[in-house]
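Here is the structure we will look at.
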Amino acid sequence: MTAPALLAPVLLGALIGLDVVSFPQIMISRPIVAATLAGAVAGDIAAGLLAGAVLELMAMETLPVGASRYPEWGSAAVVAGTLAAVRAEPRSGALVVAVFAGIATAWAGGWSMYALRRLNGIWAERMQPALAAGSWRAVVGLQLRGLTADLVRAALLTLVALVIWRPIDAWLLSRWSLDLVVSHSILVAIAAAAAASAIWRLGHGATGARWYLLGGLAAGVVFAVLQ
Amino acid sequence: MTGPQSSPPPLAWRLRAAMFTRLFAIQGSWNYESMLGNGIGFAAEPALRALPGGRGGTAYRVALARESDYFNAHPYLASVAVGALVRAELDGQPPAHIERFRNAMCGPLGSLGDRLVWAGWLPLTALIALLAYGMGAGPLTVMLLFLVLYNIGHVGLRAWGIHNGWHGGLHVAAVLGHPVLRQAPLYIGRAVLFLLGAVLPLVIRRVLVSAGDTPIVAGSGSSGGITAAIAALIGAVVLSGIFVRLHGRVEGWRAAIVALAALILYSMAR
């Protein structure tokens with residue numbers, strides 16, 4: 001990708017990465033939105049949505065609970081959506097590699113958020129005397145510094161991931177031997193299993209949990225057959 | 001705690017709007033030491049200017065320092081704390097009572113928000129969007145459906161929180177025991193399980209048989225696609241059983257990345 005072509009996804013990745021925790025948490029950072037937007041920016045919104053739907057299943061497991069370290073799916077979904085959408089026509093393995101790159105970026109993004117939180121802590125400690133004195137400049141300044149740092153973090157993460165993954169993506173796809181249907185079947189089975197196990201762990205304690213799940217499955221199968 | 005508080009004076013619209021807007025950036029400087037603390041001070045700051053002496057006065061500075069200290073809660077339900085703390089500061093409640101309230105609210109606001117939003121509303125709305133995707137909805141419909149539905153709950157919860165926090169003051173804890181808040185996670189949990197079951201075959205079918213406007217299998221509804229969809233669904237059920245048993249040792253996304261790496265290597269080596 002050329003530098004100008006990288007600009008739009010990097011800006012999108014920055015804004016979407018900011019949404020994950022810092023501002024405004026309206027969930028444009030969920031993969032089903034972020035990857036679709038990235039697909040639209042890269043010229044193939046349908047491919048972005050496809051990557052977003054698969055990643056959304058994978059991301060079901062992640063509860064962004066307070067101090068826990070978790071994958072950063074926002075910028076990662078921009079990377080996956082961009083990789084899925086940049087080629088002119090669907091290619092066997094393209095979705096698998098895009099989703100794989102997305103998960104790897106989400107994992108790296110989790111570490112980058114951890115580093116940012118440590119940095120915020122260092123800044124807060126340095127500003128402690130002013131904060132303890134009730135300085136509004138310190139309170140507002142610390143908040144704005146954290147927001148800006150998160151924006152930069154997400155932009156850098158998206159940029160580095162796209163620079164690394166674009167050539168790897170092309171190289172892997174040039175050697176891909178599996179059929180499109182087989183590739184997508186295995187991918188979607190893995191993603192669906194990740195979602196199912198995550199939701200089951202959350203809700204299996206509820207009375208009749210098994211029956212709600214089986215009822216939904218039956219309804220889904222019937223509707224899929226009728227479609 | 002103090003005795004029952006009287007009806008509060010109305011919170012000026014501009015002040016309410018300023019605090020509400022700042023709530024969206026409440027986690028802007030989240031860190032492992034003070035966690036959400038600075039964000040609470042940041043969101044409460046516009047209202048604290050109404051303290052005697054105004055911005056820079058002793059009362060303002062003491063209150064802002066107190067409100068910017070350690071605090072942790074769910075980011076959406078932190079609005080309850082912000083509303084209550086601002087009311088307490090403007091009412092001139094004793095500092096010890098405010099400190100005690102801050103310490104007492106962290107746990108309930110965190111656990112209720114986690115169950116209600118992260119483990120309930122978010123998966124529910126995401127699954128509704130995936131259901132729409134599985135039923136053939138287009139990209140804009142899927143995105144907007146999710147964003148509108150999710151944010152009705154999200155923005156509504158923040159607005160509800162600041163309103164009830166302001167009206168309840170240091171006695172706002174009673175509001176958190178509302179039957180809707182206590183029962184909602186249970187009902188949402190059941191709906192999530194049902195939706196999950198419905199979503200899986202539909203999403204698998206759509207990924208395999210067609211991808212929106214771009215057919216990925218020769219012809220929508222081809223026998224190859226349907227066979228693959230059935231195989232993928234059975235594979236997903238078997239794999240999810242393995243993932244559930246692996247819980248505590250490895251997360252699903254970690255297992256997924258290993259499985260995908262193996263798939264890529266296999267396809268390259270073949």
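Each value in this text was obtained by applying a stated rule to the coordinates, not by laboratory testing. Here the structure is a predicted model, which means the values were calculated and not measured. Because the Cβ atoms are built from the backbone with ideal geometry, glycine has one as well, and the counts that use them run over all protein chains shown.
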Counting only residues that are under 11 Å from B:PHE42 (Cα atoms), facing chain B (nearest Cβ under 7 Å) and touching a residue at least 12 places away in the same chain (Cβ under 8 Å), segment A:118-151 contains a total of 1
So which residues in segment B:158-201 are of a type in the set (A, V, I, L, M, F, W, C), within 30 Å of A:THR36 (Cα to Cα) and within 10 Å of chain A (Cβ to nearest Cβ)? B:ILE188, B:ALA191, B:VAL192, B:LEU193, B:PHE194, B:LEU195, B:LEU196, B:ALA198, B:VAL199, B:LEU200
Return the residue satisfying two criteria in turn: it lies in segment A:76-93 and is more than 9 Å from chain B (Cβ to nearest Cβ) and part of a loop (DSSP other than H, G, I, E, B), and of such residues it is surrounded by the fewest Cβ atoms within 10 Å (Cβ to Cβ). A:ALA88
From A:ALA161, A:ALA193, A:ALA218, which residue is surrounded by 20 or more Cβ atoms within 10 Å (Cβ to Cβ) and either without any contact (Cβ under 8 Å) to a residue 60 or more places away in the chain or within 8 Å of chain B (Cβ to nearest Cβ) (or both)? A:ALA193
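Has segment B:135-157 got any residue that is away from chain A (no Cβ under 13 Å) and either surrounded by fewer than 18 Cβ atoms within 10 Å (Cβ to Cβ) or not β-branched (Val, Ile, Thr) (or both)?
Within segment B:135-157 (the criterion being away from chain A (no Cβ under 13 Å) and either surrounded by fewer than 18 Cβ atoms within 10 Å (Cβ to Cβ) or not β-branched (Val, Ile, Thr) (or both)), the answer is no, since none of the residues qualifies.
For (1) surrounded by 20 or more Cβ atoms within 10 Å (Cβ to Cβ); (2) free of Cβ contacts under 8 Å to residues at least 60 places away in the same chain; (3) more than 27 Å from the chain's Cα centre (by Cα), each residue gets a yes or a no:
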{"site": "B:PRO8", "(1), (2), (3)": "no, no, yes"}
{"site": "B:MET19", "(1), (2), (3)": "yes, no, no"}
{"site": "B:GLY37", "(1), (2), (3)": "yes, yes, no"}
{"site": "B:GLY41", "(1), (2), (3)": "yes, yes, no"}
{"site": "B:GLY54", "(1), (2), (3)": "no, yes, yes"}
{"site": "B:TYR70", "(1), (2), (3)": "no, yes, no"}
{"site": "B:LEU77", "(1), (2), (3)": "yes, no, no"}
{"site": "B:ALA88", "(1), (2), (3)": "yes, no, no"}
Long-range neighbours under 8 Å by Cβ, at least six apart or interchain, first residue in contact (Cβ under 8 Å) with a residue 60 or more places away in the chain within segment B:136-158, second among the charged types (D, E, K, R) and surrounded by 19 or more Cβ atoms within 10 Å (Cβ to Cβ): B:GLY136/B:ARG206
Considering residues that are more than 7 Å from chain B (Cβ to nearest Cβ), farther than 19 Å from A:TRP73 by Cβ and aliphatic (A, V, I, L, M), the number found within segment A:164-190 is 4
Being free of Cβ contacts under 8 Å to residues at least 12 places away in the same chain, surrounded by fewer than 24 Cβ atoms within 10 Å (Cβ to Cβ) and within 14 Å of chain A (Cβ to nearest Cβ) narrows it down to one residue among B:GLY120, B:GLY107; which is it? B:GLY107
Hey, any hits in segment A:7-14 for a residue that's surrounded by 24 or more Cβ atoms within 10 Å (Cβ to Cβ) and under 26 Å from B:TRP121 (Cα atoms)? yes
Out of everything in segment B:21-35 that is touching a residue at least 24 places away in the same chain (Cβ under 8 Å) and in contact with a helix residue (DSSP H, G or I) (Cβ under 7 Å, 6 or more places away or on another chain), what residue ends up being nearest to B:HIS163 (Cα to Cα)? B:LEU23
